[in-house]
Every structure is written in structure tokens, then in C-alpha cells.
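The values are calculated or read from the model by the stated rules, or taken from the named source; none is laboratory data. Keep in mind the model is a prediction, meaning the values are calculated, not measured. Counting neighbours? That spans all protein chains shown, and the Cβs are built from the backbone with ideal geometry, glycine included. These accessible areas exclude ligands, DNA and RNA; they are computed on the full protein's heavy atoms, side chains included. Shrake-Rupley method; radii C 1.70, N 1.55, O 1.52, S 1.80 Å.
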Amino acid sequence: MLRPLLIVTALAISLTACDKFPGKGDKKDAAVTPAKLVIAPEDIITIRSNTLASGPVVTGSIQPERKADLRAEVSAVVLQVLKENGDVVRKGDVLARLDQTSIQDNLRSAQDNARNATQSLDQAERNLQRLKTLRASGMTSLQALDDAEVRRNGAQSELSASNARAVVARQQLERTIVRAPFDGVVSDRKVSAGDTASIGKELLKVIDPTSMRFAGRVSADKISQVNVGQPVSFRINGYGGQEFRGKVTRVDPSANDVTRQVEVLVSFSDANQPKVAGLYAEGSIESSNVQALTLPESVLVRLGDKASVWRVANNTLSQVDLQIGARDPRTGSIEIHNGLKEGDTILRSPSSSFKEGQTAELASAKPPTAAASAASSTAKGT
């Protein structure tokens, strides 16, 4: 409906007349004259040529570029989970602790073996050197010298193996403490205290909410129109009519085997981005731009497949049939192919009470009343 300023100044002329004309019968009912419309500037739209973007449709979801699925690297019982879903974490923060008992036992055993191997190696080395001295004076056999060298090499190998087992045990001990790999938010907690974590079991997920991007998919028959760097406009489920802007940063080199769609990654153009991952998004890649006349969809009067608007020209209202084109996904405007020209004036809010040929005038500013003029004069005199 039009605003109150779009008022009807006259409803109709009298529907019947009671006067009789001399020598005539009763006068027939007078024709109803369309009411004159007075319209405000905000009730009209002037047609202008705008840039209309078009291109392939892209659908997908909002996903973080930085995300980590933290999994158990040792088999142990979960002792403690320190963070919940939604908790903000810093790089290095402890997220969970696993039982260290068996790993500490393995570490102590490897350290003991390494000490024994060190002593055995020292003894074997001293024995070898003694036999070398005796062999130089001919007081021992070559076979005894070879046996001593074999024992020294065996002790050396045992020491290396014991040290390696100790290193592995220390690494496993460190892996019982699960830490945040970067600054972010815990998005999914998978375990609780008392659970048994086997190697590879997922414990928690951490995402970086500042690294969101649009992971979309484009139909394979449209992929030839997509290039890195093209602008993208899209909307995100849960953010109403808010429009987001981005650009294509990567196009996958292969299509999905099942859907035959190609994945396209779109980065946000500015800091205006959601902080929640997994939201559905849909938009279009602006592969081409053309100049065209456009109108808001709300001004159209639709009847079946036909569309029209109410145009004001020479203070007269007329209904104009249109040939319309595509809808601009960025603004929701409709492309006009035929029926209007640039500069035409269109009523913003069509009504079923409008009549073809109806008089329409643009409202002007009201002149000041006499009381207001007198008050102004008095103020100036003082």
C-alpha cells in the first residue's frame, strides 16, 4: 500500500442524479471519474541503468581453513578432559590427559636396559683393548681377539637399542598430554574421562573461527565460466538477508565421481564473516557483468506469466506490460528487457485500486500556515 501521502483527493462524482431535464426523461447515472492521486517523492522510483551480474550458481557450506582433528597417538585410558565445546583455547593449552602408568613403566625399563648396556659396552671395550695388547706380543690367539670384538659390537648394539626404546617411551609420555595446536575454539568433544582411547581414536576437534571460507560446488557444465579471482556474492543460512562478498581462491582440478560437481573455495573479502562452521550457503560467481535496466521485484504486478508496472507520465497513470529477464542474486532486482526506458517514473507500491488514465500529481511542500507565519514574524521582531 502507498503511504498516507498517496491520498485520494476525490472519491467519485455523484452516481445518480435526481434532476430532470425539460422534455427529457430522467437523466441516466453519471459515469464514475477515477480519483486523482497525490504521490510523495518516496512513493516513486526512477528507472536507471545498473550493472547486472550473472554467472554459475555455487552452493555449499562455511568451513574453517584451519581445523585439527586431535586423535590419540597412544593406547591409554582418558583421565581428564579439560575443555568443552565452544571453549576458546590458545596454542599449547592442555585439552586432555591420558593415563601414563604403563608408558612410564616402559620408560624406566628402557632406561635400566640402557644403563646395563653401557656397563657391558665399557667392559667389552676394555677386554678388547687388553687382548689387542696381548696379541701384539704373541700371548693370545687371533680367534680370542675376534671373539672380543664381536662381544664389543654386540654390547654397542644393545646400548643403541635401549636408548631408542627410551626415546620412544619419552615421546609416548609426551603424547599422553593433548594440547591445542593453534589458537581457536573447541568445536567437538568426542571423549570423556574413563573412556579407553586406542591409537587413532578421535578425541577433540579444534577450529580457527577467523579462517572461515565458503567451500562450494559448481555444476561441471558451468565450470568453464569459473576462474580464480572472480568475485562471488552469496547468502548464508541463519544470517537473514545479509549479503556476503568474496572471491574464488581455488578450483579443484577434478569433479566429484558421484555428483559430477567441482569444488570451489571462496575467501571472504573482508572481516564480515560468520564464526560458526557448517552453515549452508548459496550464491553466484560473477563471471560476467552487463548494463541493464532493473527494478525491485516488489513493484511488479504479476498475472500468470505476465508482468507489468504502473508508470506515471504527464501526470497520468498507465499500466505498462514488461518483458523481464533474470533476477540479480546480489540485489534481488529484475532485469527489464522491454517496456520501459531509462528515466521513466514507476510507482513503488502497486495497488488494485489504480485505474488506467488516472490523474497523478507529485505532492509539493505545504506552505506555512498564517499562524506559523505570524509566529515567525514575531520571533524575528524580538
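Numerical summary
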{"item": "Residue list for segment 92-105, restricted to those being buried (at least 17 other Cβ atoms within 10 Å of the Cβ) and within 20 Å of residue 167 (Cβ to Cβ)", "result": "98, 100, 103"}
{"item": "Single condition residue 339 does not satisfy, out of (1) among the small types (Gly, Ala, Ser); (2) in contact with a Leu (Cβ under 7 Å, 6 or more places away or on another chain); (3) within 30 Å of residue 281 (Cβ to Cβ)", "result": "(3)"}
{"item": "Positions within segment 331-357 being in a strand (DSSP E or B) and of a type in the set (Gly, Ala, Ser), in sequence order", "result": "333"}
{"item": "Subset of segment 302-325 [in contact with a Phe, Trp or Tyr (Cβ under 9 Å, 6 or more places away or on another chain) and open to solvent by 60 Å² or more (accessible area, probe 1.4 Å)]", "result": "319"}
{"item": "Selection from segment 168-184 of residues that are farther than 22 Å from residue 77 by Cα and not in a strand (DSSP E or B)", "result": "182, 183"}
{"item": "Segment 152-171, residues that are touching a residue at least 60 places away in the same chain (Cβ under 8 Å) and either open to solvent by less than 60 Å² (accessible area, probe 1.4 Å) or more than 30 Å from residue 193 (Cβ to Cβ) (or both)", "result": "169"}
{"item": "All positions within segment 257-289 that are open to solvent by 70 Å² or more (accessible area, probe 1.4 Å), in contact (Cβ under 8 Å) with a residue 12 or more places away in the chain and farther than 27 Å from residue 184 by Cβ", "result": "259, 260, 289"}
{"item": "Counted residues, segment 185-217 - those being of a type outside the set (S, T, N, Q), open to solvent by less than 60 Å² (accessible area, probe 1.4 Å), under 14 Å from residue 81 (Cα atoms) and outside any strand (DSSP E or B)", "result": "3"}
{"item": "The lone exception for residue 299 - which of (1) more than 30 Å from residue 349 (Cβ to Cβ); (2) open to solvent by less than 30 Å² (accessible area, probe 1.4 Å) it fails", "result": "(1)"}
{"item": "Per-region count, segment 221-238, residues loosely packed, with under 14 Cβ neighbours inside 10 Å and under 14 Å from the mean Cα position of the chain (by Cα)", "result": "2"}
{"item": "For residue 247: the one exception among (1) modelled with pLDDT of 90 or more; (2) under 28 Å from residue 206 (Cβ atoms); (3) exposed (fewer than 15 other Cβ atoms within 10 Å of the Cβ)", "result": "(3)"}
{"item": "Where residue 177 falls short, out of the listed (1) open to solvent by 30 Å² or more (accessible area, probe 1.4 Å); (2) without any contact (Cβ under 8 Å) to a residue 24 or more places away in the chain; (3) not charged (D, E, K, R)", "result": "(2)"}
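To keep it simple, each residue is scored yes or no on (1) open to solvent by less than 50 Å² (accessible area, probe 1.4 Å); (2) over 23 Å from residue 290 (Cα atoms); (3) modelled with pLDDT of 85 or more.
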| position | (1), (2), (3) |
| --- | --- |
| 327 | no, no, no |
| 337 | no, no, no |
| 343 | yes, no, no |
| 349 | yes, yes, no |
| 365 | no, yes, no |
| 375 | no, yes, no |
| 379 | no, yes, no |
